[in-house]
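Since the structure comes first, as structure tokens, the remarks are kept for the end.
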Amino acid sequence: MIKHRILVPNDGSRFCREIYPQIAKFIPPEGTELILLRVGHQPEGLVGTPPRPAAISVSVPMYNTSRDAEYAAHPIYASQEYDSAEAEIKRTLIEDAHVLEEAGYQVKVVVRFGDRGDEIIKYVEHNPVDMVAMTTHWRTGIQKLIFGSVAQRVAGHVSVPVMMIRPEHSYN
């Protein structure tokens, strides 16, 4: 029986994995489901631009480039790219899921596409989550202005507690 659901954003870096020992230290595995959430870039299809007539009196289609002709003949649709990207992301999270399952946690892997902060916030708004656990660089000043802080943005926009850990090593 699941008593607690903890959302754990995971960008695939060693840095983000530094949250796992902290989760193990403070949150018992019994009755806890960890939701590993990876947000990827929005997939786009590869479809050639529509052909244009070669001349007014000729109905033979003409393409601007050979690449457009190739993609018109063999398009790769955004849905195909989406499915491939989702499968690849899930594959990369399997090892993390196994490690956490061996520690006694129930683990669910979730993939979203778009802006990391927005997608984390949306997930919390639309799914039963008791807490978010994530690492942060805890940037300040000009670095925060340039790079932003997903963790701080999430903490300011969700209605559940957020465990933020700043690991000793940044792995940059």
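The values are calculated or read from the model by the stated rules, or taken from the named source; none is laboratory data. On a predicted model such as this, the values are computed, not experimentally measured, just so you know. Please note: Cβ atoms are built from the backbone with ideal geometry, for glycine as well, and neighbour counts cover all protein chains shown.
Please find, among Ala72, Ala97, the residue that is part of a helix (DSSP H, G or I), modelled with pLDDT of 85 or more and among the small types (Gly, Ala, Ser).
Values: Ala72 fails: modelled with pLDDT of 85 or more.
That would be Ala97, the only listed residue that is part of a helix (DSSP H, G or I), modelled with pLDDT of 85 or more and among the small types (Gly, Ala, Ser).
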Residues in the stretch 40-60: is at least one modelled with pLDDT under 95 and within 21 Å of Glu95 (Cα to Cα)?
yes
Which residues, taken from the stretch 89-127, are loosely packed, with under 13 Cβ neighbours inside 10 Å and among the acidic types (Asp, Glu)?
Glu95, Glu102, Glu125
